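S.K.: Following this message is one structure expressed as structure tokens.
Nothing in this text is a laboratory measurement; each read-out follows from the coordinates by a stated rule. Everything numeric here is computed off the predicted structure, so don't read it as measured data. Because the Cβ atoms are built from the backbone with ideal geometry, glycine has one as well, and the counts that use them run over all protein chains shown.
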Amino acid sequence: MQVPSYSNIGYDANAMPRRHVRTLFSVPITVRYLGPGGVRASLGITLDLGEGGLGALVQNSIVAGDTVAIDLRLSEQLLTTVAIVRHSSSVRSGFEFVGLTQEERLQITSVIGHS
């Protein structure tokens, strides 16, 4: 199931439309980020996934603009990617992938079913 350009949760009428379609996709993730005292890790679960990023529920507060590392399982393979936190609230967080390789993009599109 594809998710429209805007999500009903946290809808922002002034937001730019997505460059890539998102698909409902739910798997556990680990988000690593630099916090007070060093590298921190938060557990979460994805809500949707696309070539350009993902939406997720994350346990601890993360800050929009931060760069994070995200570990998520795509089928039988673990994908570790770098992302920028685009928005974060108590309801959900949005992440934009940075520097994906062509192989990583193919991993994502093979799981979500479109390119």
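S.K.: Give me the distance in nm between label points sitting 7 Å out from Cα along the Cα-to-Cβ direction at Gln102 and Val39, one decimal.
M.R.: 3.0 nm
S.K.: Using the number of other C-beta atoms within 10 angstrom as an exposure proxy, rank Glu103, Glu51 with the fewest first.
M.R.: In order of increasing Cβ crowding within 10 Å: Glu103, Glu51.
S.K.: For Leu47, what residues show an amide H to amide H distance below 5 Å, using hydrogens built from the backbone and excluding near sequence neighbours?
M.R.: Distant-sequence amide H within range of Leu47: Gly55, Ala56, Leu57.
S.K.: How many nm separate the modelled label positions at Ser75 and Ser89, each set 7 Å beyond the Cα in the direction of the Cβ?
M.R.: For the pair Ser75/Ser89, the computed spacing is 3.5 nm.
S.K.: Name the residues whose placed amide hydrogens come within less than 5 Å of the amide hydrogen of Arg86, ignoring near sequence neighbours (fewer than 5 apart) on the same chain.
M.R.: Gly65, Gly94, Phe95, Glu96
S.K.: Tell me the net charge near Ala69. Cut-off is 14 Å between Cβ atoms, Ala69 excluded, with +1 for each Lys or Arg and -1 for each Asp or Glu.
M.R.: -2
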